[in-house]
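Working notes for the structure below.
The values are calculated or read from the model by the stated rules, or taken from the named source; none is laboratory data. Just so we're clear, the structure is a prediction, and the values are computed from it rather than from any experiment. Here the Cβ is made from the backbone with ideal geometry for all residues, glycine too, and neighbour counts use every protein chain on show. Note: accessible area is taken over every heavy atom of the protein model, side chains too, but ligands, DNA and RNA are not part of it. Shrake-Rupley method; radii C 1.70, N 1.55, O 1.52, S 1.80 Å.
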Amino acid sequence: SLGGPQAVRQFLSTLSPDLPIAFILAQHIGANHINLLAEQLNRVTPFTVLPGKSGHRLRHKEVILTPADKQISFTEDGYIALQPSPPAAVYSPSIDLVMTEVAEKFGNKAGTIIFSGMGDDGAKGCEAIAEHGGVVWAQDIASCVVSSMPDQARKTGKVSYSANPEELAKHLYEFYGANA
């Protein structure tokens, strides 16, 4: 959503290259812009950024972009499976649906960060992540282009940390070190 790609770029450029984690990025963006976003993000991060494809196994040090026209899910052994988007979905990809899938698959090993954007997509997903024991963070108001998505996430009462994108990346490294 609005301001999200810039925030994600700042976050990914600050990441420590030795974090043994993977990211699923659900971005409200046109289907024909996914490859361009992957190219742009690959220039700034030590992680590998890839459009999501069925049959790809999720690996550490990757950022998987959810397709705008498909719903992402995961097999029991960590492979990506793509299905048609639900016809009633307001947003595509639906951040709520992506986060719920991640919560159900990865449980207390999952976490989420809600970045700048308009609307409330992601608020229900924050609740799903938290209910499965995962961690929920959000970009702070001061660094957002539009703060309604992070604001809606905070209204759930599930957000435990808010900061600018660079501080979120640094905090992730600190959090992982403390909880490894």
Considering only protein heavy atoms, with the full assembly of protein chains and a 1.4 angstrom probe, order ARG43, ARG59 by accessible area, largest first. ARG43, ARG59
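Explain nothing, just the number: dipole magnitude of the chain about its Cα centre with +1 on each Lys and Arg Cβ and -1 on each Asp and Glu Cβ, in debye rounded to the nearest 20.
Values: 14 positive and 18 negative charges, 53 e Å.
The calculation lands at about 260 debye.
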Protein-only accessible surface order, largest first, of CYS126, CYS144 at 1.4 Å: CYS144, CYS126
Enumerate the amide H contacts of ILE24 below 5 Å, restricted to partners 5 or more residues apart or on another chain; note that Pro and chain-start residues carry no placed amide H. ILE64
Please give the solvent-accessible surface of SER94 in Å², to the nearest 10, using a probe radius of 1.4 Å with every protein chain present. 20
Area of LEU58 that stays accessible when all protein chains are in place (1.4 Å probe, Å², to 10): 40
Contour minus Cα-Cα distance for MET118 and GLN83 (0.36 nm per residue): 10.0 nm
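Roughly what % of DSSP beta bridges within the range 20-122 run antiparallel, to the nearest 5?
Details: 6 of 13 bridges.
Once the DSSP bridges in the range 20-122 are tallied, antiparallel ones form about 45 percent.
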Ordering THR75, THR45 from largest to smallest accessible area (1.4 angstrom probe), what's the sequence? THR75, THR45
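So, R0 is 30 Å and r is the distance between the beta-carbons of SER13 and VAL146; what FRET efficiency does that work out to, to 0.05? Walk me through the intermediate numbers first.
Details: r = 21 Å, r/R0 = 0.70.
E(calc), rounded to 0.05, equals 0.90.
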Entry for Cα Rg over 2.2 N^0.38 Å (calculated from the structure that is shown) out of (1) 1.09; (2) 1.61; (3) 0.93: (3)
Round to the nearest 10 and report in Å² the accessible area of ILE141, as given by a 1.4 Å probe over the protein chains' heavy atoms. 100
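At 222 nm, what helix-only mean residue ellipticity would the chain give, in deg cm²/dmol to the nearest 500, using -39500 (n - 2.57) for each DSSP H run of four or more?
Numbers: 6 runs with 64 residues, N = 180.
It comes out at -10500 deg cm²/dmol, rounded to the nearest 500.
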